[in-house]
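Notes for the one structure printed next.
Every read-out reported here was derived from the displayed coordinates using simple, explicitly stated rules and does not represent laboratory data. Just so you know, these numbers come straight off a predicted model, no measurement behind them. Cβ coordinates were reconstructed from backbone atoms using ideal geometry, including for glycine residues, and neighbour counts include every protein chain displayed.
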Amino acid sequence: MHAVIIAEGTGRHPTCDPEFWRLQARWRARHRSQPPRPAPTITGPDINISRNHPATSHRMAQMVKGIRLDILRALRAHGPLTDYELEPVLRRSHQSISGGRRRCAIDGLVEDTGVRRPNRFGNNVIVWTITPGGIAASGG
């Protein structure tokens, strides 16, 4: 038998209890009766804006802040770097840097140099450089 069940002294699994199923049905009924949540509206620098959006959306899309701005400034200051080389410069995790750099690449603020360098694991990784649009977006 399961250690938790033996420790409680009930001798049976919690889902075998009728009270469990009564509470489960009550929870489902409560959550099923709620109206569906509306889709979130995304207004900010993290989306690509198409041509048919108003000028305000285009201006907002040009704003860069947070990790993306830090990445652009680091690439301006240190030249072309890999995601792994950005980690000690920005003192951030690889996941944060790669996600922010990916958004910059999608928005055309950084680009692949075509050069590959080995990372600390011996894998060849992409060396990124800032584009003219990235320089402008980072305040240059």
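Amide H neighbours of LEU81 under 5 Å, at least 5 residues apart or on other chains, H built in the peptide plane: list them.
Answer set, sorted by chain and number: TRP128.
Based on Cα positions only, what radius of gyration and what Dmax would you give for the stretch 86-140, in angstroms?
Rg then Dmax for the stretch 86-140, in Å: 11.9, 35.
To the nearest 0.05, how large is the calculated FRET efficiency for HIS78 and ARG120 if R₀ is 22 Å and r is the Cβ-Cβ distance? Could you put the intermediate results ahead of the total?
Numbers: r = 17 Å, r/R0 = 0.79.
Calculated transfer efficiency: 0.80.
For a quick check: with amide H placed at 1.01 Å from N, whose amide H comes under 5 Å from VAL110's, ignoring anything fewer than 5 positions away on the same chain?
Under 5 Å from the amide H of VAL110 lie the amide H atoms of ALA105, THR131, each far enough along the sequence or on another chain.
Obtain the nm distance between the two label points defined at ARG30 and ILE135 by a simple spin-label model: each point lies 7 Å from its Cα along the Cα-to-C-beta direction.
The modelled label-to-label distance comes out at 5.9 nm.
Quick one: Debye curve from the C-alpha atoms of the stretch 64-103, no solvent, what's log10 I(q)/I(0) at q = 0.21, 0.25, 0.29 Å⁻¹?
Taken in order of the listed q values, log10 I(q)/I(0) reads -0.52, -0.75, -1.03.
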